[in-house]
Structure formats: structure tokens, C-alpha cells
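One structure is given here, and the rest of the page talks about it.
The values are calculated or read from the model by the stated rules, or taken from the named source; none is laboratory data. Given the structure is predicted, the values throughout are model-derived calculations rather than measurements. Heads up, the Cβs are rebuilt from the backbone with ideal geometry, glycines too, and the neighbour counts pull from every protein chain shown. With ligands, DNA and RNA removed, areas are computed over all heavy atoms of the protein, side chains included. Shrake-Rupley method; radii C 1.70, N 1.55, O 1.52, S 1.80 Å.
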Amino acid sequence: MKSLDPLRRHGLFDARVPRYTSYPPANHFQNDFGQRHQTDWLRAVPQDKDVSVYVHIPFCKRLCWFCACRTQGTKTLRPVEAYVAVLLKEIETVRRTLPPGIRMARLHLGGGTPTILPCGTMAALLNALFAAFERSADFEFSVEIDPTEASDELLHLLIDAGMNRASVGVQDFAPPVQKAIGRRQSLSQTRHVIDLMRGQGVASLNLDLLYGLPHQTFQSFEQTLRHVARMRPDRLAIYGYAHVPWMSKRQIMIKTADLPDNETRFALAQQAREAFVAEGYDSIGIDHFALPSDSLSRAATAGRLRRNFQGYTDDQGEVLIGLGASAISRFPGGYIQNATATSAYQDRVTSGGLAAHKGYGMTAQDLLIARIIEDLMCRFVYDEPSLRDRFPEQAALIHQTGISLMTRFADVFYISGTGLTMRAETRPLVRIIASHVDTFASEATAHSAAV
Ligand SMILES: C[S@@+](CC[C@H](N)C(=O)[O-])C[C@H]1O[C@@H](n2cnc3c(N)ncnc32)[C@H](O)[C@@H]1O
Ligand code: SF4
């Protein structure tokens, strides 16, 4: 981009807006909603629907200072074993509540560190999942891998059990950055797990990187990008570091003064984008890259890219079943989140119930806004004709929202065959635009109710 002024004018360097991995974002979920709806929504899953399953393992042997994920440190495996025993019980309760014959199309183990599980415990967890859910013909199984906490034996076990995708945490290879974020991870450890998985035929490997970390410089980041490009992952997620010490207490170890300012963060993100596009990667949404041969890139080209709690995905499933503490499930009617604290989660399950706590029931308007925001985040379009086809009863709001976007963001959109499309150089503004749609729709409804 020749000038950053248009981005600056629209607040790119000042605004605080959600990442919109769901709509509404999880901080809008209501207390105790989940308990009232989880059983009904599980029972109502149509028998012919394939579901996706997410299992959360909220434990790590080391707690990296930068990390905002829902996890806790442990020195021994005792709490991990106890947790998995409860997970097995939850899997059984969910299986009994669902109609029979539901098939699992996708399984994702996330955390925390799923690879903290000893082999026997991991085998027990997978056996329980595979006994509860028949696997669909095109079953995909992915796992988040911390290279410093993944034994060869465990990786072989996962691969033998069908793991065909893996997401490997890297963040940054520069020693001063690693020191400042409390995460030591060598190049050789990382290469070892990648070579092992690739050698055993794991079809799609993703690496996670972060920009905006303390002491990250253009020179040091260039080295990291070069190392990563040499590893030739199929996918990359390059997230902006979210410094939220009021939510994630361990981040107080990171000095605010050591963080790059917002304009430098933006330039680091651009540096990564340019490097990976030059290496032949397709840019996917706001923060992912994929080789053209990868299914994420093919989904993006075909207009089938979706957004979920893991970022971008080609998963088209309507039902996601979240298992474990804090895991979120998605149903056609809304979201359910399990109790967040491990102890509260365990109490609910061991007392014979499901683990839901928070949740959210989608109104017709929420479904429309969720669709608009997903279209923006995945395709950078406001696709008015298809929105009208899909939500005919909300044609007035769709029209008003289009006018509001064109008025407020006249220099961002151009009129295209599918409605409004964002100019390529304005794409970094997409979360701000999504937030505008979010606010505009609630205000428009409030106003029409008042007259
Ligand atoms: C749940 S973590 C699991 C990674 C795995 N335990 C590991 O260490 O490799 C998944 C990813 O979330 C991202 N992440 C964690 N904290 C973040 C933060 N504060 N801001 C942005 N992304 C973050 C990191 O890129 C990380 O790889
Ligand atoms: S980055 Fe991974 S290993 Fe580090 S604290 Fe977060 S989940 Fe645990």
C-alpha cells in the first residue's frame, strides 16, 4: 500500500475489536444458558448429520508467558490422568444423549498441550472417541503439537490412529524473543517432529507464528520466516500477539515497553505476508497462508472457506461438539460452552451430568449478522444478493447495512457482481468493518423497535 492513511483514518492502529472466530464472540455468552439447552440440542442433531468433535486438554508442563489459551501448568501427570478419566465419562454421556448412528467427520485435539498425555492415556481417549462416534469415510483427525512436549512414541501412536493433520506451535525462533516470551524451542526440535510426521505421511502440516512479540525486529523476524519457509509447511497461521495481561495473568512477565508499537506490528505482518506469498503460498483470510495444493486453499478458491474457533477452516459441518473444560459446542440454534474451570467441569461430569455452563441462542438477526461477518472475514465481500436469498424476511436490514457500509467505508468497498467487495489493500480493516456491522445491526433494531 502506498499510504497507510486510509487504514489509519479508519482506526486500524487504535481500534480494539473482536477476532470474530464466532458471532457473537464468546464474551457475549450468557451464564447458565448451556445447562438449559445442551441436552435438547444434542438430542435434536439429525441422524444423517456428520459432526465435528473438539477435545480440550487444558494442561502444559511449562506455561509460556505469552500464551492466552485456557490452560494450566502441571509438574505431574496425576491431574492429567484424572481429567482424562472425566473426559471418558463425558464422552459416554454425550454419546447416550445424541441420537444413535451420528458419524464424526473431524476430530481436533487442542489445548493446552494434547501431547502431554502419556501413550496409554491417549490410546484410552482415542478408543473412547472412536467407540462413541463412527468415523465418516473422509474422516480428518488433527492435533496441536508442542515440539518440546511430543515424544516420538506418542506421535507414532497418533499417526497409527489416523492423525492426518497437525498444527505445530513455533511463534518465533529468535533467541531474545523466545527468552522474553518464556518459551525455548530449538530449530532442531521443531524440524525433528515435522520430519517425523511428514515421513509417516501426515498429509497437512500447519505452523503457528506470532508477530508483535517483545524484541521482535524486522531482521530477527526475517530469519524466523526463512527457517519456516525451508520447512515448507502446507499451512501457516500468523497471528498478532494479543497482550491481555488482565485476562491472562502470566503475560505480566512480558514488559509492555518491549513490545513493538502498532504500526511496527502491522509492518511485521506485512513482512510475513510478502515473504510467504513470494514462496508460493496463497493468502487466506486475514492471517492464514496455504500452499495451493492444500485443502484450505482449494476451499478459499471455491468460496467454501469458513471461520471457526480455530481460525479458518474448510470444515462445512453445522454441528461441532466440544468436550472438556471450557470447550465450545456449536449447534444450528447457538453455542454451548462447558464450565471453564477444570474443577467445575469435573464436578458436573462426575455428578452424572453434561458439563455446560454458558451459551447463546441465536435469533434470526444473529444468524444474518453471523453470515455477514463470516462472508467479510472469509471473502471480504458484502454479498447482498445472496443474503437476500437466504434471509428474505430481513431484506430491509440487509439493504440498510449495505448503505451504511458504503457511506462509512466508501473508500474501502467497490461495487461488484456479488454486492460490495473490499479493495485488496484495505483488507486489514476487515475486523473493524465486521464490528461496524455488529454495532449497526443492534442499533438499527433498537431504533426500529422505538418508533
Ligand atoms: C493453544 S496454543 C497450543 C499450542 C501448543 N501447546 C504449543 O505450545 O505448541 C495454539 C496457538 O495459539 C496462539 N496463541 C497463544 N497465545 C496467544 C496470544 N496471546 N496472542 C495470539 N495468539 C496466541 C499461538 O500461536 C499458539 O500456537
Ligand atoms: S503455547 Fe502451548 S505450551 Fe505454551 S502455555 Fe500455551 S498451550 Fe501451553
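Observations on the structure shown:
- Whichever residue in segment 169-200 is in contact with a Leu (Cβ under 7 Å, 6 or more places away or on another chain) and in a loop (DSSP other than H, G, I, E, B) and, among such residues, is nearest to ligand 1 (Cβ to nearest atom): 172
- Selection status of residue 183, among the basic types (Lys, Arg), more than 14 Å from ligand 2 (Cβ to nearest atom), at negative phi and surrounded by 15 or more Cβ atoms within 10 Å (Cβ to Cβ): no
- Odd one out for residue 344, checked against (1) over 25 Å from residue 431 (Cα atoms); (2) surrounded by 21 or more Cβ atoms within 10 Å (Cβ to Cβ); (3) not basic (Lys, Arg): (2)
- Residue, farthest from residue 178 (Cα to Cα), within segment 232-260, restricted to residues that are open to solvent by 10 Å² or more (accessible area, probe 1.4 Å) and in a helix (DSSP H, G or I): 249
- Selected residue (criterion: farthest from residue 209 (Cα to Cα)) from residues of segment 220-277 that are away from ligand 1 (no atom under 16 Å from the Cβ) and small (Gly, Ala, Ser): 257
- The number of residues in segment 135-168 that are among the acidic types (Asp, Glu), under 13 Å from residue 122 (Cβ atoms) and away from ligand 2 (no atom under 16 Å from the Cβ) comes to 2.
- Residue in segment 62-74 that is more than 23 Å from the chain's Cα centre (by Cα) and at negative phi present: yes
- Considering segment 108-134, and only residues there that are among the β-branched types (Val, Ile, Thr) and within 16 Å of ligand 1 (Cβ to nearest atom), the residue that is nearest to residue 68 (Cα to Cα) turns out to be 113.
- Test result for residue 230, touching a residue at least 60 places away in the same chain (Cβ under 8 Å) and under 25 Å from residue 269 (Cβ atoms): no
- Within segment 25-49, the set of residues being crowded, with 19+ Cβ neighbours inside 10 Å and either within 20 Å of the chain's Cα centre (by Cα) or of a type in the set (S, T, N, Q) (or both) comprises 29, 38.
- Candidates 225, 268, 305 - the one that is over 28 Å from residue 191 (Cβ atoms) and either within 21 Å of the chain's Cα centre (by Cα) or of a type outside the set (Val, Ile, Thr) (or both): 305
- Exclusive hit being part of a loop (DSSP other than H, G, I, E, B) and in contact with a His (Cβ under 7 Å, 6 or more places away or on another chain), set 326, 293: 326
- None of 101, 34 is in contact (Cβ under 8 Å) with a residue 60 or more places away in the chain, of a type in the set (Gly, Ala, Ser) and away from ligand 1 (no atom under 16 Å from the Cβ) except 34.
- Selected residue [of a type in the set (Lys, Arg), buried (at least 18 other Cβ atoms within 10 Å of the Cβ) and at pLDDT 95 or above] from 304, 298, 330: 330
- Qualifying positions in segment 43-76 - more than 16 Å from ligand 1 (Cβ to nearest atom), without any contact (Cβ under 8 Å) to a residue 60 or more places away in the chain and in contact with a helix residue (DSSP H, G or I) (Cβ under 8 Å, 6 or more places away or on another chain): 43
- Residue tally, condition more than 19 Å from residue 37 (Cα to Cα), open to solvent by less than 10 Å² (accessible area, probe 1.4 Å) and among the β-branched types (Val, Ile, Thr), over segment 347-380: 3
- Residue count for segment 89-110, restricted to those that are under 16 Å from residue 155 (Cβ atoms) and modelled with pLDDT under 95: 0.
- Options 309, 289: the member that is out of contact with any Leu (no Cβ under 6 Å at 6 or more places or on another chain) and within 16 Å of ligand 1 (Cβ to nearest atom): 309
- Residues located in segment 387-417, provided they are open to solvent by 40 Å² or more (accessible area, probe 1.4 Å) and either touching a residue at least 12 places away in the same chain (Cβ under 8 Å) or outside the structural domain of residue 429 (by TED's automatic domain parsing) (or both): 390, 393, 399, 400, 406, 408, 411
- Meeting the requirement of 2 or more residues that are more than 16 Å from ligand 2 (Cβ to nearest atom) and acidic (Asp, Glu), the helices (runs of 4 or more DSSP H) wholly within segment 15-132 are 78-97.
- Among the residues making up segment 225-252, those that are in contact with an Asp or Glu (Cβ under 8 Å, 6 or more places away or on another chain), away from ligand 2 (no atom under 14 Å from the Cβ) and either outside the structural domain of residue 310 (by TED's automatic domain parsing) or farther than 17 Å from residue 193 by Cβ (or both) are 229, 238, 240.
- Cross-chain or 6+ apart pairs with Cβ under 7 Å, segment 255-283 first and on the phi > 0 side of the Ramachandran plot, then open to solvent by less than 50 Å² (accessible area, probe 1.4 Å): 280/291
- Residue ID - farthest from the chain's Cα centre (by Cα), chosen from residues in segment 148-168 that are within 18 Å of residue 129 (Cα to Cα) and assigned to a loop (DSSP other than H, G, I, E, B): 161
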